[in-house]
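Everything below concerns the one structure shown next.
Every number here is computed from the coordinates shown, using simple stated rules; none is lab data. Computed from a predicted structure; not experimentally measured. Because the Cβ atoms are built from the backbone with ideal geometry, glycine has one as well, and the counts that use them run over all protein chains shown.
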Amino acid sequence: MNQEERYMRLALKQAAVSLKRDEVPIGAVVVKDGKVISRAHNTRNASRDATDHAELVAIKRACAKLGDWRLAGCDLYVTLEPCIMCLGACFNARLRNVYFGAFDLSGKGCIALAESVGRTLNHELQLKGGILEKECSLLLTDYFKSKRGV
């Protein structure tokens, strides 16, 4: 197992916590210098806060732990391709890399958008998707099938 898969497995564990709490099963971890500095999962239903996506919660926790809004040298691993809101937070936090599992086909993706945003914010953010894609996708697909009674 390579490093990307190792950290994505930790994000999948966070997604499983979401699933147990009847939240959309998305998990995230922030890593710096080979160490996990924050972990999070979706908490929108429990908090009744539309911004409590796994990525944003993980970024907030990482900022608190490091005592800085800049997460330079940090990487985010998340089980689903980030939405526009979360992508903006990744840029603003100055993350180095975002690794994600499943591609968000409903959201039309963020990779092309990232190129444009990066020029505006003067920060380059590398994105790489498809890490443990099948596992990440299956978790989400099964969750939504159960909600729809399919």
Practice problem: Could you name the aspartates and glutamates whose alpha carbon sits less than 18 Å from that of residue 32, not counting residues in the same chain fewer than 8 places away? | Solution: 4, 5, 55, 68, 75, 124
Quiz prompt | For the stretch 1-116, size of Cβ-based charge dipole, Lys and Arg +1, Asp and Glu -1, in debye | solution = 420
Quiz item: Pairs 35/60; 13/134; 65/147; 35/145; 60/128; 20/128: which are spaced more than 24 Å apart, C-alpha to C-alpha?
Solution: 65/147; 35/145; 20/128
Exercise. Please get the size of the charge dipole for the stretch 1-67, origin at its Cα centre, with Cβ charges of +1 on Lys and Arg and -1 on Asp and Glu, quoted in debye to the nearest 20.
Key: 260
Practice problem: Could you point to the label whose value was computed as log10 I(q)/I(0) by the Debye sum over Cα atoms at q = 0.12, 0.16 Å⁻¹ for the structure here, given [x] -0.62, -0.96; [y] -0.51, -0.88; [z] -0.44, -0.80? | Solution: [z]
Quiz prompt | Top positive-direction residue, dipole computed over the chain with Cβ charges, set 93, 51, 80 | solution = 51
